[in-house]
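Engineer: The structure that follows is given in the form of structure tokens.
Only the coordinates and a few stated rules stand behind these numbers; no lab work does. Predicted model only: the values in this text are computed from it and were never measured. Neighbour counts are summed over all protein chains in view; Cβ atoms, including those assigned to glycine, are modelled from backbone coordinates with ideal geometry.
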Amino acid sequence: MSLILTNIEKHVQLTAEEKELFLSKTEIHHYKAKSILLSSGQVCKHSYFVNSGILRSFNINDNIVEYVLSFACEGWWMGDMYSLISQKPGNLFIEVLEDAELVLLSKENQEQLYTEIPKLERFFRILTENSLVANQERLMDNLSLSAEERYDKFLKRYLNLNHKIPQKQIASYIGVTPEFFSKMKAKLLRK
């Protein structure tokens, strides 16, 4: 549990009692690869913190094409932000890509913690702001950068995941077909 506390303490300092209270409101779960934590149309009831493993969030369009929104590895948080905040059905799937140990924090417990440990409201505001900035940057990158530049940003953002994630999912994340991605990588290797 020290990883999640270290993550929190990057932004706010908790007393020993606050740490204990926070941990009492969380649950640790283990999931096998390919487990679906959330499906499109469901209400997201938890934030997921990754102690180990890899998660991805994605959407499937009407033509059954997957669009990868994000990945989360050790020390990262994931959830369907729209659904978690609004408590309305979302449009994302969250899947375990690599066997994972996750810390789950329910929306209900998160709200209780805001009252009992006001510093945590600041912490989650910072996380939400960082997520908003990252999503806006990603949108602008998709509009203005080449596929090679988007791939370079992927490699910098998700260090060490390049060989752990299927290439078709990386292609989806950067917004190209698997065929284009394969040709682009071959071209980059020749450089």
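Engineer: Give the angle, between 0 and 90 degrees and rounded to the nearest 10, that separates the Cα long axis of helix 178-190 from the longest principal axis of the Cα atoms of the chain.
Structural biologist: That helix lies at roughly 80 degrees to the long axis.
Engineer: Still on this structure, I have one more. Could you pull the Rg and Dmax for the range 2-117, using just the Cα atoms, both in Å?
Structural biologist: Just the Cα atoms of the range 2-117 yield Rg and Dmax of 14.7, 51 Å.
Engineer: Turning to a different aspect of this structure: For the range 70-191, what log10 I(q)/I(0) values come out of the Debye formula at q = 0.14, 0.17, 0.20 1/Å, with one point per alpha carbon and no solvent?
Structural biologist: -0.75, -1.03, -1.28
Engineer: Neighbouring Cβ atoms within 10 Å as the yardstick, rank Leu14, Leu120 fewest first.
Structural biologist: With the sparsest Cβ surroundings first, the list reads Leu14, Leu120.
Engineer: Which lysines, if any, have their Cα less than 28 Å from the Cα of Lys107, not counting same-chain residues under 8 positions apart?
Structural biologist: Lys10, Lys19, Lys25, Lys32, Lys34, Lys45, Lys88, Lys119
Engineer: Hey, with R₀ at 45 Å, roughly what FRET efficiency would His30 and Arg190 work out to, going by the Cβ-Cβ distance, to 0.05?
Structural biologist: FRET efficiency, His30 to Arg190: 0.60.
Engineer: Still on this structure, please answer the following. Can you pull the one-decimal nm distance between simple spin-label points at Gln87 and Glu101, each 7 Å off the Cα toward Cβ?
Structural biologist: 3.2
Engineer: Also: Among His30, His163, His46, what is the fewest-to-most ranking by other Cβ atoms within 10 Å?
Structural biologist: His163, His30, His46
Engineer: Got the relative contact order for the chain handy, in percent, Cα pairs under 8 Å and 6 or more residues apart?
Structural biologist: 24
Engineer: Follow-up question, since we're still on this one. Helix 107-116: angle to the longest alpha-carbon principal axis of the chain, degrees 0 to 90, nearest 10?
Structural biologist: 50
Engineer: Can you give the extra length, in nm with one decimal, that the chain gains between Asp152 and Val12 once fully stretched, where that is 0.36 nm per residue apart less the Cα-Cα distance?
Structural biologist: Additional length available on full extension: 47.2 nm.
Engineer: Find the centroid of the Cα atoms in the range 137-180 and in the range 1-69, then give the distance between the two in whole Å.
Structural biologist: Spelled out, the Cα-based centre of one part sits 22 Å from the other.
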